[in-house]
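Everything on this sheet refers to the single structure shown next.
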Amino acid sequence: MQNNPAFVIEGANVVFGDRLAHASLRVEDGRITAIDGARDGADVIDGRGHILAPAFVDVHGDAFERQIMPRPGTMLPVAAALLDTDRQLAANGIATAYHALTLSWEPGLRSVENGRSVVAALDALSPRLTVDNRVQLRWETFCFEAVDLIREALSGPHLPSIAFNDHTSMVMLDPSVSLQERPFDLDPAFPAVDPRSPEFAVKMAERAKRAKIPVSDMVSLVRDMWERRPEVPGAIEDVAALGRAAGAPMLSHDDSQIETRDFFRARGARISEFPMNRRVARAARDAGDFIVFGAPNAARGGSHLASVAAADMIRDGLCDILASDYYYPAMLLGLARLKADGVAPLHALWPLVSGNPARASGLADRGVIEVGKRADLVLVEWPEDGVPAVRRTWSAGREAYRAAPAGH
């Protein structure tokens with residue numbers, strides 16, 4: 001990799017782990033080499049009036065799907081979509097992103113075929129990307145044909161994470177039971193709906209539109225997959241073993257029961273992603289797991305699924321990480337809302353989007369401003385009582401994004 005010229009950022013209010021303080025930062029060869037050190041001929045960047053902080057580490061973002069399929073059933077070229085997504089990440093201060101790549105039995109956007117295209121495109125585009133793009137293999141546990149792709153991706157140049165999802169059981173859940181309190185998905189007595197009912201066909205309409213198939217075909221496909229339910233535990237064991245062998249970070253998604261969290265923790269998944277109730281979050285905390293909530297939840301002041309509020313979880317010590325989920329700007333906007341609401345001071349909130357997700361992902365080289373760490377940095381314009389905006393983003397010391405306001 002080509003070395004970049006040394007530079008010093010001066011005059012900014014810097015987010016350290018325990019405080020905000022005015023300091024200068026020197027960067028050489030992609031790393032932070034000095035705090036309040038000498039210029040020594042380095043280029044000088046004026047950070048006055050701005051916040052300088054570790055760039056965001058996003059453990060779960062699926063907004064890229066809208067780049068690939070901007071309208072239901074309308075697919076665009078994957079490479080072009082990912083190039084544009086990379087620019088969006090940089091513009092929002094995200095220097096490390098795990099794209100939540102759903103590997104499902106559904107045709108179309110979330111198919112294994114499309115997943116393979118995304119993984120291949122990211123590998124091929126890597127020299128042209130501005131930030132560190134990785135994938136979260138968001139594996140639907142009924143998607144048996146995805147195991148080979150998972151194995152291949154785990155041996156690739158950018159170690160992915162693995163998230164265990166079971167939206168099949170969620171689709172089949174009897175409507176009298178809330179998603180937030182549904183039983184453990186592998187429970188033999190799981191309360192399933194009758195897939196032959198007219199109501200089920202209505203429920204499948206949007207999914208069929210996304211997959212670009214008739215509703216009747218989607219209903220038949222779901223019924224066929226549900227009949228293969230006895231194969232799911234074995235597939236989970238196989239994928240978990242692959243993840244452990246590769247040292248990949250592993251997550252379980254939308255945990256609704258302590259039994260669910262215990263099951264996946266026992267298989268190496270130490271990250272609880274979007275636990276659906278306080279009881280599960282408390283059990284995850286007691287076991288020392290990382291807990292993830294959505295930054296849009298924090299930015300909006302609540303969950304769009306009527307699950308627990310991220311702000312309340314942060315106040316109670318039950319949230320370690322905020323992920324962009326479906327909206328990249330939410331990582332900064334979520335911090336702004338939490339700060340404005342007095343949940344915690346900014347320096348105490350910032351680890352939710354930088355240091356903690358880096359640690360959870362096994363990326364010890366980034367996420368904090370310390371000498372020797374990778375220079376993934378974001379310079380933020382943050383007017384008093386105004387909306388913050390990213391002005392510059394650096395990824396390993398390379399300038400990934402710069403925006404000058406009008407009149408400058």
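The values are calculated or read from the model by the stated rules, or taken from the named source; none is laboratory data. Quick caveat, the model's predicted, so the values are computed rather than measured. Positions of Cβ are generated from backbone atoms using ideal geometry, with glycine treated the same way; all protein chains shown enter the neighbour counts.
In the stretch 384-400, how many residues are more than 20 Å from the chain's Cα centre (by Cα) and closer than 20 Å to ILE94 by Cβ?
8
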Just need a number here: residues in the stretch 282-293 that are crowded, with 19+ Cβ neighbours inside 10 Å and free of Cβ contacts under 8 Å to residues at least 60 places away in the same chain. 6
Test: residue in the stretch 367-377 that is within 18 Å of ASP46 (Cα to Cα) and part of a strand (DSSP E or B): yes
Can you tell me which of (1) in a loop (DSSP other than H, G, I, E, B); (2) in contact with a strand residue (DSSP E or B) (Cβ under 8 Å, 6 or more places away or on another chain); (3) surrounded by fewer than 20 Cβ atoms within 10 Å (Cβ to Cβ) is the one HIS347 doesn't meet? (1)
Could we say that ALA100 is at pLDDT 95 or above and either in a helix (DSSP H, G or I) or among the aromatic types (Phe, Trp, Tyr) (or both) here? no
Yes or no: SER252 under 25 Å from TYR98 (Cβ atoms), of a type in the set (Ser, Thr, Tyr) and in a helix (DSSP H, G or I)? no
Could you tell me whether the stretch 187-194 includes any residue that is at pLDDT 95 or above, closer than 16 Å to TRP105 by Cβ, among the hydrophobic types (A, V, I, L, M, F, W, C) and in contact with a Phe, Trp or Tyr (Cβ under 8 Å, 6 or more places away or on another chain)? no
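Table: residues versus (1) of a type in the set (D, E, K, R); (2) surrounded by 13 or more Cβ atoms within 10 Å (Cβ to Cβ).
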site	(1), (2)
TYR328	no, yes
PRO357	no, yes
VAL378	no, yes
ARG392	yes, yes
ALA406	no, no
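For the stretch 315-344, give me the residue count where each residue is outside any strand (DSSP E or B) and either in contact (Cβ under 8 Å) with a residue 60 or more places away in the chain or under 19 Å from VAL380 (Cα atoms) (or both). I'd like the intermediate steps shown before the answer.
In the first step, residues of the stretch 315-344 are kept if they are outside any strand (DSSP E or B); the result is 315-320, 324, 326-344.
Checking the rest, the ones that are also either in contact (Cβ under 8 Å) with a residue 60 or more places away in the chain or under 19 Å from VAL380 (Cα atoms) (or both) come to 324, 326-340, 344.
Within the stretch 315-344, residues that are outside any strand (DSSP E or B) and either in contact (Cβ under 8 Å) with a residue 60 or more places away in the chain or under 19 Å from VAL380 (Cα atoms) (or both) number 17.
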If you scan the stretch 174-198, which residues turn out to be in a helix (DSSP H, G or I) and surrounded by 11 or more Cβ atoms within 10 Å (Cβ to Cβ)? LEU179, GLN180, GLU181
May I ask you to verify whether ALA389 is small (Gly, Ala, Ser) and in contact (Cβ under 8 Å) with a residue 12 or more places away in the chain? yes
Does the stretch 154-199 hold any residues that are over 30 Å from HIS99 (Cα atoms) and not charged (D, E, K, R), and which are they? PRO175, SER176, VAL177, PRO188, ALA189, PHE190, PRO191, ALA192, VAL193, PRO195, SER197, PRO198
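Quick grid of which residues meet (1) outside the structural domain of LEU322 (by TED's automatic domain parsing); (2) part of a loop (DSSP other than H, G, I, E, B); (3) touching a Gly at 6+ places or on another chain (Cβ under 9 Å); (4) without any contact (Cβ under 8 Å) to a residue 12 or more places away in the chain:
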| residue | (1), (2), (3), (4) |
| --- | --- |
| VAL8 | yes, no, yes, no |
| ALA21 | yes, no, no, yes |
| VAL27 | yes, no, yes, no |
| GLY37 | yes, yes, no, no |
| ASP40 | yes, yes, no, no |
| ARG48 | yes, yes, yes, no |
| ILE51 | yes, no, no, no |
| ALA90 | no, no, no, no |
